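Okay, structure first, notes after.
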Amino acid sequence: MRIALGLEYDGSRFLGWQKQPGRGTVQDAVEAALAAIGGEPASVTCAGRTDRGVHAREQVVHFDATAERPLSAWVRGVNAVLPESIAVLWAKPVDAGFHARYSATARTYRYILLNRSVRPALATRYAGWFHQNLDIAAMRQAAAALVGEHDFSAFRSAECQAKTPRRSLTQLEIERHGERIDFIFTANAFLHHMVRNLVGTLVYVGKGKHAPEWAREVLQSRDRSRAAPTFAADGLYLEAIEYAPGWGLNTGRRAPAALSIGE
């Protein structure tokens, strides 16, 4: 039986999603918990690998199990074994053709930036920080030039393993909530560090270092050295994974009410 799970986790407690020899990753913890409940080794595939320090409000994974367990075992049972910084939100049996990564049609990330003169203490692992007041209107103007299908080579890391730099960015919204600024990105897929590099570039525009038109120039240059430095991972959240209705998964962007940082 193939089973899909929805997960949330605090990325500051782990060395990223993907398992590695030294362990300490989200995948390591999830597979160990599933093995404990299923009584057999488990291998999970995620919709989007997150880096060290990046959080998830709804990561989707799938795994195959031969052991018969009630769905409650894959939620409450697994949660009883997982560390407190990871939780299974839901479990659903899916067709064998479902693939958490390749069946996904869109992914949404939210970057939370605390925009005030002094650094945060309580939000230090859960929000980025920038001390100068940022011009929201200028950043929105710059963001508009980035929406669409483009070659995003100027915003990918040197370690990116994607076969093509072309991505379709369908949404880039910027919202202010008191001292907090939210950058919301939706695309068919993202390149490595793409969101954090885009945020850094928009912050350069917001602080007045460059005019809004500069963002389009950087995009068209396809030159990573032209863009701003990669922004900190702390404020980045994988917010939602979308699938075609036929898979029967109740996924989509979750309300940001629980993220009260800076409000």
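Values quoted throughout were computed directly from the atomic coordinates according to the rules given, and no laboratory measurement underlies them. Small disclaimer: the values here were computed from a predicted structure and weren't measured. So basically every Cβ, Gly included, is an ideal-geometry build from the backbone, and we count neighbours across all protein chains shown.
Could you give me D for region 105-238, from Stokes-Einstein at 4 °C and 1.567 mPa s, where the hydrodynamic radius is the Kirkwood radius over C-alpha pairs? Units µm² s⁻¹, please.
Calculated translational D: 88 µm²/s.
In a GNM of the chain with a 10 Å cut-off on Cα contacts, which of Ala162, Ala142, Ala228 has the highest mean-square fluctuation?
Result: Ala162 has the largest fluctuation of those listed.
Rank by packing, highest mean first: peptides 230-242, 178-190, with packing defined as the count of other Cβ atoms within 10 Å averaged across residues.
230-242, 178-190
Under a straight-distance cross-link criterion of Cα-Cα below 25 Å, which lysines are reachable from Lys19, leaving out those fewer than 8 residues away in the same chain?
Lys92, Lys163
Just from its helices, what would the mean residue ellipticity at 222 nm be for the chain, if runs of 4 or more DSSP H residues each count -39500 (n - 2.57) and the sum is divided by every residue, rounded to the nearest 500 deg cm²/dmol?
So the helix-based figure for the chain works out to -5500 deg cm²/dmol.
Using the number of other C-beta atoms within 10 angstrom as an exposure proxy, rank Val147, Val78, Val26 with the fewest first.
The fewest-first ordering by Cβ neighbours comes to Val147, Val78, Val26.
Cut-off 10 angstrom, C-alpha nodes, Gaussian network model of the chain. Which of Gly16, Gly206, Gly148 fluctuates the most?
Comparing Gly16, Gly206, Gly148 in a Gaussian network model of the chain, the most mobile one is Gly148.
Can you bin every Cα-Cα distance in the chain into 10 Å intervals starting at zero and give me the percent of pairs per bin, rounded to whole numbers?
7, 30, 34, 21, 8, 1
Relative contact order for region 1-66: what percent, with Cα pairs under 8 Å and sequence separation of 6 or more?
After rounding, I find 49 percent.
Using the Karplus curve 6.51 cos²θ - 1.76 cosθ + 1.60 with θ = phi - 60°, what ³J(HN,Hα) values do you get for each residue of region 165-170, in whole Hz, with x for Gly and Pro?
Taking θ as phi minus 60°, the curve returns x, 7, 9, 10, 8, 8 Hz for region 165-170.
Pairs of Cα atoms under 8 Å, at least six residues apart: use those to get the relative contact order of region 1-157, whole percent.
25
Positive end of the dipole of the chain, charges at C-beta (+1 Lys, Arg; -1 Asp, Glu), about the Cα centre: which of Trp90, Gly53, Gln27 has its Cα farthest in that direction?
Toward the positive end, the furthest listed residue is Gly53.
Based on Cβ point charges of +1 for Lys and Arg and -1 for Asp and Glu, what charge dipole magnitude is obtained for the chain about its Cα centre, in debye rounded to the nearest 20?
The dipole magnitude comes to about 460 debye.
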